[in-house]
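Any read-out appearing in this document is the output of simple, stated calculations on the displayed coordinates, not a laboratory observation. Given the structure is predicted, the values throughout are model-derived calculations rather than measurements. Note that each Cβ is placed from the backbone with ideal geometry, even for glycine, and that neighbours are counted across all protein chains shown.
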Amino acid sequence: MAEKRYDSKDIVVLEGLDAVRLRPGMYIGTTGVKGFHHLLWEIVDNSIDEIACGYGDIITITLNKDGSATVEDNGRGIPVDMHPTLHKSGVEVVYTKLHAGGKFSTANYKYSGGLHGVGASVTNALSRWCDVTVYRGGKEYNIRFHSPEVNGKVKSGIVETPLREVGTCKKTGTKVTFLPDDRVFGDQKFSFETVSRKARELAFLNKGLKIKIIDNVDKNQVFYHYEGGIADFVSYLVEGKNTLIKEPIYLTGESENFAVEVAFTYTDSYTENSFSYVNNIPTTEGGTHETGMKSAFTKVFNDYARSSGFLKDKDQNFLGEDFREGLTVVLTVKMNNIQFEGQTKTKLGNPEARTKVEAIVIPKLQEIVNDKKNASKIEVILNKAKGAAKVREAAKRAKDLTRAKNSADNFNLVGKLAASTSRNREKSEMFIVEGDSAGGSAKQGRDRAFQAILPLRGKPLNAEKKRIDQVLANEEIRTIISALETGIGEDFKLDNLRYNKVIILSDADQDGAHIRAILLTFFFRYMKELITDGHVFIGLPPLYKVYKKDYVEYVYSDNELPQAISRAGRGYLIQRYKGLGEMNPEQLWETTMDPEKRTLVQVTIEDAAEAEKMVSTWMGDDIDARKEYISKHANFDREDSFMQNYKNV
Ligand code: 28G
C-alpha cells in the first residue's frame with residue numbers, strides 16, 4: 001500500500017471541552033474508579049491505534065508519585081504542523097477538540113483506517129494538567145494544557161504553554177503525562193493491579209504489542225507481549241483446567257473494513273467461557289458478532305459430523321449449545337461505526353457483523369475441520385457435543401415427566417416425600433435424607449409444620465458410572481424437582497421456591513459423600529440460583545456420643561473428641577455413629593434437625609463446582625483418573641476442606 005501523507009487538516013472535529021467537565025458521565029460513564037482509569041485508556045488507545053497502523057511496537061505506562069500517569073509510544077509522533085482552517089497544530093487539535101456527539105466514548109471512530117481515537121481531549125478536559133511531548137522529524141516538541149479556575153469557573157484543558165520545539169532527538173513517538181483532576185474524581189489513585197490487568201488484556205488482543213507498566217509509587221513493574229495474541233489468551237484462560245485439545249485452534253480473516261479473529265479450545269468442564277470484543281472493547285453482553293460466530297460453529301461442526309458419518313441418517317443435528325459445553329473462546333472483530341445496545345451498552349448491535357463474521361469464519365473453520373492433521377481434535381469436539389446432547393435430552397425427558405406428574409397430582413407430592421403442613425415458605429425446610437431408616441427417624445422426629453423429609457432410598461445413586469442424565473431420570477431427583485416447585489434449567493424460577501432451606505443429610509462416609517456430590521452437581525447444573533442465593537445446606541450429624549449416667553454430649557468432629565472426653569470425666573462411654581440410621585427420632589431431632597441446636601454448612605457455588613468436578617471424574621470413563629481423584633479428594637471426614645469452615649445457620 002502506498003504511504004499516505006497525513007496532515008493536521010485530516011482531523012475531523014468540533015465542540016469545546018467545558019461540556020465534558022459539565023457532564024463527565026456522558027463521556028466516561030462514571031467519575032468512580034472506572035472513569036478515573038478510563039482517562040488513561042483513552043490515551044493508551046491512541047498509542048494502540050498508531051501501533052496497529054504499523055508504526056511502533058511498544059507502549060510504556062508509568063504511574064508517577066504525584067498521582068499523574070505517563071504514556072509513551074514509539075509511533076510516528078502526533079503531527080505538529082498547522083491545521084489549515086483551525087489554525088492550530090495537529091497535537092493541539094487532538095487535545096482540545098471534542099468530536100461532536102462523542103457520547104460514551106469514541107468507539108464509533110476507530111478502525112477507520114488509521115483515524116485515531118478522539119478521546120484524548122476528554123482526558124485533557126478532566127485533568128488538572130496534561131503535558132504532551134512529540135518526537136518527530138528529528139525534533140522534540142512540547143505543549144502543555146491545564147484547567148485553571150477563572151472568575152470562579154474552571155476552564156477545561158486550555159493551552160498553558162503553546163507548542164514549541166524543545167530539542168533534537170533521534171527517536172519518534174509521543175509521550176503524554178496527565179494528572180486526573182481531583183475536583184472531578186476526588187482523591188483517587190491509579191491502581192497497578194487494575195492497570196496491569198487491562199494492559200494484559202490489550203496485549204492479548206493486539207498480537208505483538210509490547211506493554212510495560214512501571215509503578216513508581218509502589219515500586220513495581222510488569223511487561224506483556226504475546227506473539228500468539230488471542231490464542232495465548234485462550235491458553236491463559238484454561239490454565240489449570242483439563243483441556244481436551246492441546247493447542248487452541250486459531251483462525252482469522254478479513255473482508256473490506258472488517259476483521260475477525262477467533263481462538264478456542266475445549267476443557268472437560270460443562271460450562272461455556274466466551275469473551276468477545278469489538279475494536280478492543282469488551283462486549284460483555286455479546287451481540288451480533290457472537291451470534292455469527294456461534295452459528296458458524298454450529299453449521300461447520302454439524303456439517304462435518306454428518307459428512308464424516310459421526311451423525312447417522314437417523315440422528316438429529318446437534319444444537320449450538322451442544323458445541324459450547326466446555327468451550328473456551330475469544331472472538332475479536334474490528335469494524336467501523338459500531339453500535340452498542342443492551343442494559344450496559346456492551347452488546348454489539350450492528351446487523352452486518354453477524355453476516356460478515358459468518359462469511360469469514362465458516363470457510364476458515366471448514367478448512368480447519370477438513371484438515372487431516374486436525375482429525376483427533378475434531379473427534380474430541382464431536383464426542384463432547386454427543387455427551388452434551390445426551391444430557392440435554394435426558395433433562396428434557398425428566399422435565400416432561402415432572403410436568404406430567406405435577407399436573408396429574410398437584411397436591412400430594414410424588415414419591416415418598418413427607419411434605420410439611422404449613423405453607424409458610426420462608427420458614428419451611430426440606431431435608432434430603434440418605435437411607436430409608438434415617439428417613440423414617442427424620443419423619444418421626446421432625447417439626448412437621450415446617451420440615452419436609454425426602455428419604456433417598458437405600459443407595460439409589462450408587463452406581464459409580466452413572467451419568468448426570470441418568471441421575472435426572474432418577475425418581476428421587478424428580479421428586480426434589482417437583483417438591484421445590486421452581487422448575488429447572490431455563491425454566492427455573494426462584495420466586496416459586498417452596499422450601500427456603502434445602503438440607504442434605506448424608507452419612508459421613510464414601511457413599512454419603514457420593515450422594516452429596518451428586519445432589520450438589522444436580523443443583524449446580526440445573527438450579528444454580530438455589531445455591532448462589534444461599535438455599536442449599538449440608539446438615540452435620542454427630543460422629544460420637546460421649547455419655548455416662550446423667551451426662552450426654554454429642555461430638556461433631558474427631559478434633560473435638562478429646563475435650564469432650566475430658567469434660568465427661570471418669571467412667572464415660574463412647575458411641576460412634578456409623579450412620580444416620582443408628583439414631584432414633586429424638587436423637588436425630590436433637591442433634592441434627594432442631595434449628596436451635598443443629599449445625600448446618602451453607603453450600604457455596606465453589607463447593608458445588610468442586611462437587612461437579614468430582615462427580616464428572618467419578619462418573620467419567622477414565623478409571624485411573626477416577627481412582628486417583630477419589631483417593632486425593634474424597635476424604636469426606638470432618639477435617640476435609642469442605643467441612644473446615646462450616647458455620648451455624
Ligand atoms: C503516548 C500517548 C498517546 C499517537 C499518532 C500519530 C499520528 C496521529 C497520533 O495523527 C491525526 C487524524 C486522522 C490522520 C498520523 C502521525 C499520521 C502521520 C500520525 C498517542 C491523522 C493524528 N503521522 N500517535 N495521531 N490523524 N500516539 N499516544 O497519542 O487522520 S496519536
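Quick notes on this one:
- Taking packing as the residue-averaged number of other Cβ atoms within 10 angstrom, the listed peptides 484-494, 292-302, 360-370 run from highest to lowest as 292-302, 360-370, 484-494.
- Relative protection proxy for 141-151, 41-51, from highest mean packing down: 41-51, 141-151 (other beta-carbon atoms within 10 angstrom).
- With 10 Å bins from 0: P(r) over region 171-274, alpha-carbon pairs, percent: 12, 30, 30, 20, 8, 0
- Surrounding net charge for R164, when Lys and Arg each add one and Asp and Glu each subtract one, Cβ distance under 11 Å: 0
- Dividing the Cα radius of gyration of region 228-360 by its Kirkwood radius returns 0.98 for Rg/Rh.
- Peptide packing: for 445-452, 244-251, the average count of neighbouring Cβ atoms within 10 Å per residue gives the ranking 445-452, 244-251, highest mean first.
- Relative contact order computed over region 138-221 (Cα-Cα under 8 Å; 6+ residues apart), in percent: 21
- For region 25-92, the Rg and Dmax computed from alpha carbons only, in angstrom: 14.5, 40
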